[in-house]
Amino acid sequence: MSYNLIYFFQIMWLDVVFISPIVIYGLDQILKNKKSKLYIISLFVSIVSNYYISYMLCLFCILYFLFRIITKYNLNENKKIIMQIILKFIIHSLLAAFLASFMIIPVIDDLKNASINYYDFSNSTYKNIFSIFIHFNVANISKNSLYISPYIFCGYFVFSILINYLFFQKDNGKKILVFFLLFLILGFTNTFLLKLWHGFRIPTLFFHRWSFLFSLFTIVIASEKYLTYVILSKKQIFLTVLGYSVLMVISIFFANEQFNIIYFIGIFFLFENLLILNSLKKQKNIFYLYCLFIIFILEIFFSCKCNFMLSNLTLSKNKYKMQDRQEMINYFSSIDSSFYRVGIFNYHNSINELFLKKSSLTSFISGQNKNLSNFLEKSGYMVNANEIYDNENLDIMNQLLGIKYWYGETNDEKYKQLENMKFSNKNIHIYKEENFLQLGYLIKNNKVQIDTTNPFAYQNSFFKTLFGYDIYIKYEYDQVENKYYVNNKHQNIYFYATTCLNKNLKNELSIYLNNDVIIQDYCKNFEIKKFNTKNYENSTIKLSEENNYNKVYFYYVDENKYNDMINYIQNNQIKNVLVKKNTLKFDINSSGNNTLLLTIPYEKGWTILVDGKRADAKKIFDTFIGIDLSNGYHKIRMIYYPRYLKLGILLSTIDFVLLLIYCKKMSIKSNNI
C-alpha cells in the first residue's frame, strides 16, 4: 500500500495497520456466526498498541459490518440470524474495548485536558471527488501534497479486479459496493467526515491517517472477486485502459497537478495486469502467476524509489538528523546524570528530546497540557496546539523553567561553551547555563492581575506572582511610519509583534537593524525575539513596509531586579533531586511558611508526601504545581500515576473474568450443538 510507503517512519501507527487485517478476518468469522475469539484478542491488541488509529479501525469495523450484513443477508428473511450476529458483534466489541480499559480510561481523561488543534481543515479536504482518483495511480506522491494527500493506491492487480467486477460482472451487490466506496471516498472530501475519522481532533499534517482502511477494504473485496474474474476481450481491455487514462487526465485537472511520465507508467502497469490476468484465467498456467508477481515487485520498487527520493528531499531540510541529536543528548548524559532540561537554538521541528529520553520544552504530543501550552504561548514561545518549541531569546523564562544545556549553530556569549562538535557537516556549539535553576524553588505566591495580551506584561505578571516585582521594562522609542528609533543604553532589546493582518503575503514581516536584515519571515514563527545592539552606535529598527501588524513591543531587562531574583532562587531552591520513573524526590529548607513552586505542569494524579505525610498540590499561575510548606527542613517525595488508572485496571480485570465466563459458555453451547 502507498500508505505504508509514506508513513513508514510513523512506527507508532503501523502496528494497527498490520493488525487490522486480522481484526477484519475475526469480524468476518462473526458475520459467519462462527467462533470469534480472534476478533476480541486482535482488537484488544490493536487498541493497546495505539488507541488513536484503533479508533479509526473501530469506526471502520462498524461500517464494514453494516456493509456485510446488507450484502450477505436478506433483511426480511434472515431477521433472527441477523439479530444474533449483531448481538454477537456488540458483545465481542465491548469485551475487547473494556479489556483495554486500563489504558483507554486514563487516556480519555488526559485528552480532556489536552490542547486542541485549530488548524483550518479546508486545505486538507479535496474540493471534488474527481481529484481523489489521482491517488489510484502508482507512486502518486507530489512534493506539495506529501502531508495532505490520502494514500490509497494498493497495486494494479487489486485495481484491475475491482474494474473487472464493477464493469463486466453481473452481481446485484454492485450498487451497494459502489455506494460504500463513494461514502468512503467522501471521507476525503467532506470536512465533517474527515473530523469524524480523526476523533474530532484535527491532526497536525497527515490529514488522512485512516486512508489505509480504504485500501484494506479494496484488497478484501478484490480477493473475493478474483474468483469470479471475467475474461475480457481486446476491445474491453482497450476501453478499460482508455477510460483509466481519461480519468487520470480529469483527476490531474481537478487536483491541479502537473502531468508527468509517472501517469504513463501507471497506464502501462494497468495494461500489463489486465493482459496477464486474462491469460491466467484462460490457461491457468503458473508462468502467468510469476509474471504477476514480477509486475507487482516492479510496482513496489518504482513506488519506493519515488517515495524515498521525495522523503530524502524533505528530510534533508531538517537541520539535524535524529542520530546526530541522539549523540548530542548522549554527550549531556555523559557529563551530567542529574535531572535538567535541554534547549536547542533557533530550530523549529517536531522531532524533540522526548523521543531521546531527555526533558525539554520542545515537545509534540497529543496529550499536551493545555494550561502549559497557554502559559508558554502567552509568554512569547512558539506554540501550535500540541506543538511547543524552544525560544533561546526568552533568557529569564528559560532559566526559571530549568534549562541547563543548549546546543545549536548559534554563538551566544551569554552561556559558557563546553564543546564544539560536528554533526551533519555543521559546527554545533554546546553551552551550559551557569545560573542553572532547579526544578523547584520557594516563592511568595502573590495574587496579581494577569495581562494576557502583551507577552512581556504577561511574564511580569508571573514574576510578580513569584517574587513581587517586574523584570521587563518597556523601551521608550520614537516611531516614524515603519521605523522605530531606540537608544542603545541597553545591549539587548526584546521584541514582539502581534499577528500580521495581511495573510496573503509570501514574505511576511522582515526586521532590519540599521538596514541589516536580522529576522526574516517573522510571522511564520510568532515568538519573542532579541536584538543584540552591541556593535551599533544607534539603533533604528525597521519593519518591512509591505506588511501590516497590530502592535509592536520593545522591552529591556532590569538587571538589578533580575540579579535579585536569581540570587533569591539559588538560595531557596530544592536540592538532592532524584528522578526515577514516576517518582520525584528532593529536599528543601523553608525559612518560615512558604509556597514551593515546581515547574511541572499541574495535573491530578500526583501523590505528594512531605516528611512522610500526605500534602495537597495547588495550581500556581493556573499552570504549575505548588506545595505549601511550614518552617523547617523537609524531605519531599512525589509519585505520579495517571488519574483513573486504578479504575481502568479494575474494569479490565472484571472484563477479563466476564470474557472467560463468556468463552466457556460459548464452548459448552458449541459442544452441545
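Return yes when Asn567 is touching a residue at least 24 places away in the same chain (Cβ under 8 Å) and surrounded by fewer than 12 Cβ atoms within 10 Å (Cβ to Cβ) and no when it is not. Considered against the rule, which asks whether it is touching a residue at least 24 places away in the same chain (Cβ under 8 Å) and surrounded by fewer than 12 Cβ atoms within 10 Å (Cβ to Cβ), Asn567 comes out as no. The residue that is surrounded by the fewest Cβ atoms within 10 Å (Cβ to Cβ), among those in the range 363-381 that are within 28 Å of Ile53 (Cα to Cα) and aliphatic (A, V, I, L, M), is Ile365.
With the requirement that a residue be β-branched (Val, Ile, Thr) and either open to solvent by less than 60 Å² (accessible area, probe 1.4 Å) or assigned to a helix (DSSP H, G or I) (or both), what does the range 441-459 give you? Residues satisfying the conditions are Ile443, Val448. Scanning the range 368-412 for residues that are free of Cβ contacts under 8 Å to residues at least 40 places away in the same chain and acidic (Asp, Glu) returns a single hit, Glu377.
Condition check ((1) open to solvent by less than 90 Å² (accessible area, probe 1.4 Å); (2) at pLDDT 95 or above) across all residues:
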{"position": "Ser590", "(1), (2)": "yes, no"}
{"position": "Asn594", "(1), (2)": "yes, no"}
{"position": "Gly612", "(1), (2)": "yes, no"}
{"position": "Lys635", "(1), (2)": "no, yes"}
{"position": "Tyr641", "(1), (2)": "no, no"}
{"position": "Asp655", "(1), (2)": "yes, no"}
{"position": "Leu658", "(1), (2)": "no, no"}
{"position": "Cys663", "(1), (2)": "yes, no"}
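A residue that is at pLDDT 85 or above and surrounded by fewer than 17 Cβ atoms within 10 Å (Cβ to Cβ) can be found somewhere in the range 147-167.
Looking only at the range 49-71, decide whether some residue is within 21 Å of Ser101 (Cβ to Cβ), part of a helix (DSSP H, G or I) and without any contact (Cβ under 8 Å) to a residue 12 or more places away in the chain. Taking every residue of the range 49-71 in turn, at least one turns out to be within 21 Å of Ser101 (Cβ to Cβ), part of a helix (DSSP H, G or I) and without any contact (Cβ under 8 Å) to a residue 12 or more places away in the chain.
Candidates are the residues of the range 295-333 that are over 18 Å from Asn137 (Cα atoms) and open to solvent by 90 Å² or more (accessible area, probe 1.4 Å); the one that is modelled with the highest pLDDT is Glu327.
Residues checked against (1) at pLDDT below 85; (2) among the aromatic types (Phe, Trp, Tyr); (3) touching a Phe, Trp or Tyr at 6+ places or on another chain (Cβ under 7 Å):
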{"site": "Val448", "(1), (2), (3)": "yes, no, no"}
{"site": "Asp451", "(1), (2), (3)": "yes, no, yes"}
{"site": "Phe462", "(1), (2), (3)": "no, yes, yes"}
{"site": "Tyr469", "(1), (2), (3)": "no, yes, yes"}
{"site": "Ile473", "(1), (2), (3)": "no, no, yes"}
{"site": "Glu476", "(1), (2), (3)": "yes, no, no"}
{"site": "Glu481", "(1), (2), (3)": "yes, no, no"}
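Taking the criterion of being without any contact (Cβ under 8 Å) to a residue 60 or more places away in the chain and part of a loop (DSSP other than H, G, I, E, B), the residues of the range 167-196 that qualify are Lys170, Asp171, Asn172, Gly187. Only residues that are open to solvent by less than 10 Å² (accessible area, probe 1.4 Å) and over 20 Å from Lys444 (Cα atoms) were counted across the range 596-610, and they come to 1. Scan the range 230-249 for residues that are part of a helix (DSSP H, G or I), modelled with pLDDT of 85 or more and β-branched (Val, Ile, Thr) and the total you get is 4. Exactly one residue among Tyr226, Tyr290 is of a type in the set (Phe, Trp, Tyr), more than 40 Å from the chain's Cα centre (by Cα) and at pLDDT 85 or above, and that residue is Tyr290. When Asp622 is evaluated against the numbered criteria (1) without any contact (Cβ under 8 Å) to a residue 60 or more places away in the chain; (2) under 28 Å from the mean Cα position of the chain (by Cα); (3) exposed (fewer than 13 other Cβ atoms within 10 Å of the Cβ), which criterion, by number, is the only one it fails? For Asp622, the failing item is (1).
Hey, could you check the range 91-105 for residues that are more than 13 Å from Val45 (Cβ to Cβ) and small (Gly, Ala, Ser) and say which is most open to solvent (accessible area, probe 1.4 Å)?
Ser93
Being under 29 Å from Lys447 (Cβ atoms), assigned to a helix (DSSP H, G or I) and hydrophobic (A, V, I, L, M, F, W, C) is a property that holds for Ile569. Across the range 382-395, the qualifying residues are those that are part of a strand (DSSP E or B) and open to solvent by 10 Å² or more (accessible area, probe 1.4 Å), and the one among them that is nearest to Tyr555 (Cα to Cα) is Val383.
Within the range 571-587, the set of residues being more than 15 Å from Thr599 (Cβ to Cβ) and open to solvent by less than 70 Å² (accessible area, probe 1.4 Å) comprises Asn582, Thr583, Asp587.
Yes/no per residue for (1) assigned to a helix (DSSP H, G or I); (2) aromatic (Phe, Trp, Tyr); (3) touching a Gly at 6+ places or on another chain (Cβ under 8 Å):
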site: Leu75; (1), (2), (3): no, no, no
site: Phe89; (1), (2), (3): yes, yes, no
site: Met103; (1), (2), (3): yes, no, yes
site: Ile108; (1), (2), (3): yes, no, no
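The values are calculated or read from the model by the stated rules, or taken from the named source; none is laboratory data. Small disclaimer: the values here were computed from a predicted structure and weren't measured. So basically every Cβ, Gly included, is an ideal-geometry build from the backbone, and we count neighbours across all protein chains shown. For the accessible areas, the whole protein counts, side chains as well, though only heavy atoms, and no ligand, DNA or RNA atoms are used. Shrake-Rupley method; radii C 1.70, N 1.55, O 1.52, S 1.80 Å.
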